[in-house]
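Novice: Submitted below is the structure of interest, expressed as structure tokens.
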Amino acid sequence: MQRKSCISGEYARPALHIGGVIDSKVLDFEPPPHWRVALDGPAAGGKTTVARRVAQALGYALIDTGAMYRAVALGALERGLSTGDRAAMERLAEAEASRSEFLPDLEGSQGFRLLVGGVDVTGRLHEPRVSQVVPAVAAIPGVRRVLAAQQAAIGRRGGVVMTGRDIGTVVIPDAEVKVFLTASPEERARRRYGDMHARGEAGDETPEVLQQIEQTLRERDLQDSSRDDSPLLQAPDAVLLDSTGLSLDEVVARIIDLVRTRMRTEVR
Ligand code: DC
């Protein structure tokens, strides 16, 4: 039986607190202005949505490093470059890194805007053709070297929630708070479907469609976690947070709690 989806881009479960109660104005502590929150995890684990809310609550910037890999993949497609040409990909990453700007836009659809050479590419980063080639681009050591250096420089300024696959292990190994966010494959498939549906890229929600998405996510995870350079890996000192069955607000509240707890241990 076919069922019309009512899943939005955000989590399907109703939020515990309606209207964004978790907000910097109601935090019972003052977040240190230069702390870094590293949020890693597999595709469709909810990182960007969670990170945006955590950034809003703490008054930090959201840096989605996946967007940087996507921008290089998009640049390659637009120039007709082969993503298998590692030297060309590295040169492109270098050229883009020096011309790109990450602008905070926590109220916008993605939570940030990415400009390359002054052109806003944010809305094109999730085109299916980009999603298809980006794991291969992200597996190129030269590309990773360039982008990780750029990300580490942003991290040094502090006051960021940075999402990715290697933030807690490689990019900001000394981040004050590290979280590895995951969810069951079924829940991740439902969330990815919700994202696609919200962008008008998916039809009705059927078991077959969900299974196909789950399969694609498994393949993506395998590519990300089996590559030689900076594979998707939980840092030994990262807190594992499984969001299966939790509402968005519950997940956000747990991360805010980690920041609060870390602050308490710092002042001791
Ligand atoms: O999170 P995302 O789906 O937008 O990431 C796009 C791709 O980039 C995905 O294949 C994982 C990869 N990536 C990475 O290797 N390292 C990061 N820090 C961020 C993303």
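Novice: Is it true that some residue in the range 200-211 is outside any helix (DSSP H, G or I), over 27 Å from residue 109 (Cβ atoms) and among the aliphatic types (A, V, I, L, M)?
Specialist: The answer is no, given that none of the residues of the range 200-211 is outside any helix (DSSP H, G or I), over 27 Å from residue 109 (Cβ atoms) and among the aliphatic types (A, V, I, L, M).
Novice: Only one of (1) open to solvent by 50 Å² or more (accessible area, probe 1.4 Å); (2) within 17 Å of the chain's Cα centre (by Cα); (3) more than 22 Å from residue 42 (Cα to Cα) is not met by residue 109, so which one is it?
Specialist: Of the numbered conditions (1) open to solvent by 50 Å² or more (accessible area, probe 1.4 Å); (2) within 17 Å of the chain's Cα centre (by Cα); (3) more than 22 Å from residue 42 (Cα to Cα), the odd one out for residue 109 is (3).
Novice: So which residues in the range 92-102 are under 23 Å from residue 47 (Cα atoms) and open to solvent by 50 Å² or more (accessible area, probe 1.4 Å)?
Specialist: 101 - this is the single residue of the range 92-102 that is under 23 Å from residue 47 (Cα atoms) and open to solvent by 50 Å² or more (accessible area, probe 1.4 Å).
Novice: Out of the range 56-91, which residues are over 13 Å from residue 130 (Cβ atoms), open to solvent by 10 Å² or more (accessible area, probe 1.4 Å) and of a type in the set (Ser, Thr, Tyr)?
Specialist: 60, 82
Novice: Please find, among 234, 223, the residue that is assigned to a helix (DSSP H, G or I), surrounded by 15 or more Cβ atoms within 10 Å (Cβ to Cβ) and under 17 Å from the mean Cα position of the chain (by Cα).
Specialist: So the residue among 234, 223 that is assigned to a helix (DSSP H, G or I), surrounded by 15 or more Cβ atoms within 10 Å (Cβ to Cβ) and under 17 Å from the mean Cα position of the chain (by Cα) is 223.
Novice: Just checking, how many residues over the range 189-199 are open to solvent by 30 Å² or more (accessible area, probe 1.4 Å) and either at pLDDT 90 or above or assigned to a helix (DSSP H, G or I) (or both)?
Specialist: So the count comes out to 6.
For (1) more than 22 Å from residue 198 (Cα to Cα); (2) crowded, with 18+ Cβ neighbours inside 10 Å; (3) touching a helix residue (DSSP H, G or I) at 6+ places or on another chain (Cβ under 9 Å), each residue gets a yes or a no:
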{"position": "117", "(1), (2), (3)": "yes, no, yes"}
{"position": "135", "(1), (2), (3)": "yes, yes, yes"}
{"position": "152", "(1), (2), (3)": "yes, no, yes"}
{"position": "155", "(1), (2), (3)": "yes, yes, yes"}
{"position": "166", "(1), (2), (3)": "yes, yes, yes"}
{"position": "178", "(1), (2), (3)": "yes, yes, yes"}
{"position": "184", "(1), (2), (3)": "no, no, no"}
{"position": "187", "(1), (2), (3)": "no, yes, no"}
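Novice: To continue, here is another question. For the range 31-55, which residues satisfy the criterion of being of a type in the set (D, E, K, R) and either within 16 Å of the ligand (Cβ to nearest atom) or open to solvent by less than 30 Å² (accessible area, probe 1.4 Å) (or both)?
Specialist: Hits for the range 31-55 are 36, 40, 47, 52.
Novice: Shifting gears a bit: Which members of the range 108-130 meet the condition of being within 15 Å of residue 74 (Cα to Cα) and touching a residue at least 60 places away in the same chain (Cβ under 8 Å)?
Specialist: Answer for the range 108-130, where residues must be within 15 Å of residue 74 (Cα to Cα) and touching a residue at least 60 places away in the same chain (Cβ under 8 Å): 126, 128, 130.
Novice: In contact with a strand residue (DSSP E or B) (Cβ under 9 Å, 6 or more places away or on another chain) and open to solvent by less than 10 Å² (accessible area, probe 1.4 Å), is that true of residue 147?
Specialist: no
Novice: Just give me the residues in the range 220-242 being within 16 Å of the ligand (Cβ to nearest atom) and either at pLDDT 90 or above or hydroxyl-bearing (Ser, Thr, Tyr) (or both), in sequence order.
Specialist: Once the filter is applied, which keeps residues that are within 16 Å of the ligand (Cβ to nearest atom) and either at pLDDT 90 or above or hydroxyl-bearing (Ser, Thr, Tyr) (or both), the range 220-242 yields 225, 226, 230, 234, 235, 238.
Novice: What single numbered condition from (1) out of contact with any helix residue (DSSP H, G or I) (no Cβ under 9 Å at 6 or more places or on another chain); (2) open to solvent by less than 10 Å² (accessible area, probe 1.4 Å) fails to hold for residue 130?
Specialist: For residue 130, the failing item is (1).
Novice: Where in the range 56-170 are there helices (runs of 4 or more DSSP H), lying wholly inside it, with at least 1 residues that are away from the ligand (no atom under 13 Å from the Cβ), under 28 Å from residue 236 (Cβ atoms) and at pLDDT 95 or above?
Specialist: By residue number, 141-157.
The values are calculated or read from the model by the stated rules, or taken from the named source; none is laboratory data. Predicted model only: the values in this text are computed from it and were never measured. Glycine also receives a Cβ, built like all others from the backbone with ideal geometry; neighbour counts cover every protein chain displayed. Each accessible area value is taken on the protein alone, full model and side chains, heavy atoms only, with ligands, DNA and RNA left out. Shrake-Rupley method; radii C 1.70, N 1.55, O 1.52, S 1.80 Å.
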